[in-house]
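Each reported figure results from applying straightforward, stated rules to the coordinates on display, with no laboratory input. As the structure is a prediction and not an experimental result, all values here were calculated from the model. For neighbour counting, all protein chains shown are included, and Cβ atoms are generated from backbone atoms with ideal geometry for every residue, glycine included.
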Amino acid sequence: MFQYSDKTKNFINLIGSGDAAYVPKAITCAIKTLDAIAADESLPEATRKNASFAAANLVLSDYNDND
């Protein structure tokens with residue numbers, strides 16, 4: 001299993017237990033979040049570049065959140 005950050009692990013546990021909301025269209029949510037990070041000029045350029053690269057790859061992947 002991928003080694004997630006403690007913050008991500010915490011949300012995995014919260015969502016799994018029902019203590020935090022589950023987002024059915026999670027890939028769309030991730031793309032929007034990564035794009036917001038990429039657009040945030042207060043963040044380091046390397047962070048913004050990594051976020052935009054990840055968002056672009058998700059957009060061009062074969063995901064389908066329309067179901």
Volume per residue (Å³) of the convex hull spanned by the alpha carbons of the chain is 125
Mean separation of Cα pairs under 8 Å and 6+ residues apart, divided by the residue count of the chain: what relative contact order is that in percent? 28
Between Ala56, Ala30, Ala46, find the one with the highest GNM mean-square fluctuation for the chain; connect C-alpha pairs within less than 10 Å. Ala46
Mind jotting down a quarter of the surface of the convex hull over the alpha carbons of the stretch 22-61, in square nanometres, one decimal? 2.8
For the stretch 16-24, in residue order, the Karplus 3J(HN,Hα) values (coefficients 6.51, -1.76, 1.60; θ = phi - 60°; whole Hz; Gly and Pro = x) are x, 8, x, 7, 9, 5, 8, 9, x
Using amide H atoms built in the peptide plane, which far-off residues or other-chain residues are under 5 Å from Ala20 H to H? Ile15
Relative contact order [Cα under 8 Å, 6+ residues apart], the stretch 22-61, whole percent: 40
Under the Karplus relation with 6.51, -1.76 and 1.60 and θ = phi - 60°, whole-Hz ³J(HN,Hα) for the stretch 36-50, x at Gly and Pro, equal 5, 5, 4, 7, 7, 5, 7, 8, x, 4, 4, 5, 5, 5, 4
Counting other beta carbons within 10 Å of each residue's own, what order do Ile37, Ile12 fall into, fewest first? Ile12, Ile37
Could you work out [θ]222 nm for the chain from helices alone, using -39500 (n - 2.57) per DSSP H run of at least four and dividing by all its residues? Round to the nearest 500 deg cm²/dmol. -20000 deg cm²/dmol
What do you get for chymotrypsin sites (Phe, Trp or Tyr not before Pro) in the chain restricted to DSSP loop and a cutoff of at most 13 other Cβ within 10 Å of the site's Cβ? Phe2, Tyr4, Tyr22
